[in-house]
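Worksheet: the structure to be examined is printed underneath.
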Amino acid sequence: PGAESAKPWLPQPSYFAEYATDRALADTRSFWHLYRDGLHLRTTLTQLGEGELRWLDSPPDVLAFTRGDGLVCAVNFGTSPTPAPVPGTPLLASGPCPAGILPGSTAAWWINDN
């Protein structure tokens, strides 16, 4: 009881408030939701537990791989958008991914039908 008003044992910068649990739960694009949705995919996609991992050629600042039968993951660590490694809408992404584009600071997962 009263935990809502408890002071942290170390001082916290004011910008930490945007990462509070109540805000993460309210924002469907938060890391909390991304992680939860990723765990759900893990239980429904066999590609996440089977198959050989193969690194894909990718532009600088991008790490991309494929696993199993067509699962493709790409992470753009840079700030500039880059072409997505496969066409189509990602199954899951850490931010909006316009068709054919992997924005900067974004991770995304696709099923490659080709």
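The values are calculated or read from the model by the stated rules, or taken from the named source; none is laboratory data. Just so you know, these numbers come straight off a predicted model, no measurement behind them. So basically every Cβ, Gly included, is an ideal-geometry build from the backbone, and we count neighbours across all protein chains shown. Side chains included, ligands, DNA and RNA excluded: accessible areas come from the protein's heavy atoms. Shrake-Rupley method; radii C 1.70, N 1.55, O 1.52, S 1.80 Å.
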Q) What number of residues within the range 62-95 are open to solvent by 80 Å² or more (accessible area, probe 1.4 Å) and assigned to a loop (DSSP other than H, G, I, E, B)? A) 7
**Q.** Filtered residues of the range 26-59 (kept if closer than 27 Å to Gly78 by Cα, free of Cβ contacts under 8 Å to residues at least 40 places away in the same chain and of a type in the set (A, V, I, L, M, F, W, C))
**A.** Trp32, Leu39, Leu48, Leu53, Trp55, Leu56
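For the range 94-114, what are the residues that are closer than 21 Å to Asp27 by Cβ and in contact (Cβ under 8 Å) with a residue 24 or more places away in the chain?
Scanning the range 94-114 gives Ser94, Gly95, Pro103, Gly104, Ser105, Thr106, Ala107, Ala108, Trp109.
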(Q) Please verify whether Pro59 is open to solvent by 50 Å² or more (accessible area, probe 1.4 Å), at pLDDT 90 or above, of a type outside the set (Val, Ile, Thr) and part of a loop (DSSP other than H, G, I, E, B), treating the condition exactly as stated. (A) yes
Q.
Restricting to the range 97-112, give me the number of residues that are open to solvent by 60 Å² or more (accessible area, probe 1.4 Å), touching a strand residue (DSSP E or B) at 6+ places or on another chain (Cβ under 8 Å) and either assigned to a loop (DSSP other than H, G, I, E, B) or basic (Lys, Arg) (or both).
A. 1
Q. In the range 26-49, what residues are outside any loop (DSSP other than H, G, I, E, B) and open to solvent by less than 70 Å² (accessible area, probe 1.4 Å)?
A. His33, Leu34, Asp37, Gly38, Leu41, Gln47, Leu48
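Before we move on, is Arg23 in contact with a helix residue (DSSP H, G or I) (Cβ under 9 Å, 6 or more places away or on another chain), outside any loop (DSSP other than H, G, I, E, B) and surrounded by fewer than 12 Cβ atoms within 10 Å (Cβ to Cβ)?
Spelling it out, it is not the case that Arg23 is in contact with a helix residue (DSSP H, G or I) (Cβ under 9 Å, 6 or more places away or on another chain), outside any loop (DSSP other than H, G, I, E, B) and surrounded by fewer than 12 Cβ atoms within 10 Å (Cβ to Cβ).
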